[in-house]
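To start, the structure under review is shown below, and the notes come after it.
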Amino acid sequence: MTFGVPRPDKIDYYAQVAEAGRDYKRQVLAALDLRPGLTVLDVGCGPGTDLPAMAEAVGSSGAVLGVDTEPAMVEEAGRRVAGTPRISVRLGDAHALPLAESSVDRVRADRMVQHVADPAAVFAELHRVLRPGGLACVAEPDWDSLVVDPGELSTNRAFNRFVCSTMVRNATVGRSLPRLALGAGFEVLDVSVATPVFRDFEAADKILGLSRNTERAVRAGHLDRAAGEQWLAALASGPFLAASMVFIGVFAKPAA
């Protein structure tokens, strides 16, 4: 089995994630309860994949703002939404959002808290920029929940330990969303779990990084090379299945 599939281009990768996660993304959009005239903030908007759907929901009287910490993402998102005046995109850090207090009605954060330095500080910022009575919807994976078949269970577990300890900063933050929200002053309205399922190894490999992260685990001494090769060969031979949990939290800023 060939190790080390190259990491895809980030913009292409986000497009693949959006396609794989279309069902849970619909859940997030529904949970935001978007209506005409609302102002919506998308924190960690990436290349702007989901901004048009939010703009359509808030209509011509509403506004959508995307914020991302990476200049390349902001540039790409701005290019994609250039023809929609009610959408704007700007560079910004989730720990210090470039918005005034109580300035938006809805906030979405999709798979970005897993990457930040201080999740509690980010939740405090989401609370700060929301108007009283506003809603935040946060979706985050739990990488320790990844299960695959076929292949040795012990190798699956070793792979998960490596990803959680080395590859993703806050790999299990999904399970912590209610606690973080309460700590920031939110009311917890709902917590649910979406479970994207992959039945094609190549598609799962692109999203989940099975080959490239197995190679990294071997090089870092977290996984025996022979065991890694056997595991990937079994996964590629199929029939294949992979699934992992994405936690979706819906939180309200109490009305004044």
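The values are calculated or read from the model by the stated rules, or taken from the named source; none is laboratory data. From a predicted model like this one, the values you see are computed outputs, not experimental measurements. No Cβ is skipped: glycine too gets one built from the backbone with ideal geometry, and neighbour counts run over all protein chains shown.
Of the residues A242, A233, which single one is modelled with pLDDT of 95 or more, within 19 Å of D149 (Cα to Cα) and not in a helix (DSSP H, G or I)? Before you say what the answer is, go through the steps one by one.
On the way: A233 fails: not in a helix (DSSP H, G or I).
Of the residues listed, the single one that is modelled with pLDDT of 95 or more, within 19 Å of D149 (Cα to Cα) and not in a helix (DSSP H, G or I) is A242.
Looking at the structure I just gave you, is A109 free of Cβ contacts under 8 Å to residues at least 40 places away in the same chain and among the hydrophobic types (A, V, I, L, M, F, W, C)? Break it down stepwise before answering.
Values: free of Cβ contacts under 8 Å to residues at least 40 places away in the same chain: no; among the hydrophobic types (A, V, I, L, M, F, W, C): yes.
Considered against the rule, which asks whether it is free of Cβ contacts under 8 Å to residues at least 40 places away in the same chain and among the hydrophobic types (A, V, I, L, M, F, W, C), A109 comes out as no.
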_Residue among R179, R175, R219 that alone is without any contact (Cβ under 8 Å) to a residue 24 or more places away in the chain, basic (K, R) and under 30 Å from H95 (Cα atoms)_ = R179
*How about region 163-214: which of its residues are among the hydrophobic types (A, V, I, L, M, F, W, C), surrounded by fewer than 19 Cβ atoms within 10 Å (Cβ to Cβ) and more than 24 Å from R26 (Cβ to Cβ)?*
C164, M167, V168, L182
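Looking only at helices (runs of 4 or more DSSP H) that fall completely inside region 11-116, which ones have 3 or more residues that are of a type in the set (A, V, I, L, M, F, W, C) and either farther than 30 Å from L241 by Cβ or touching a Ser or Thr at 6+ places or on another chain (Cβ under 8 Å) (or both)? Break it down into steps so the answer makes sense when it comes.
On the way: elements: 22-31, 51-58, 71-80.
So the answer is 51-58, 71-80.
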*Please go through region 182-216 and pick out each residue that is without any contact (Cβ under 8 Å) to a residue 24 or more places away in the chain and over 19 Å from E125 (Cα atoms).*
E202
*Only residues that are in a helix (DSSP H, G or I) and surrounded by fewer than 13 Cβ atoms within 10 Å (Cβ to Cβ): list them for region 215-230, please.*
R219, A226
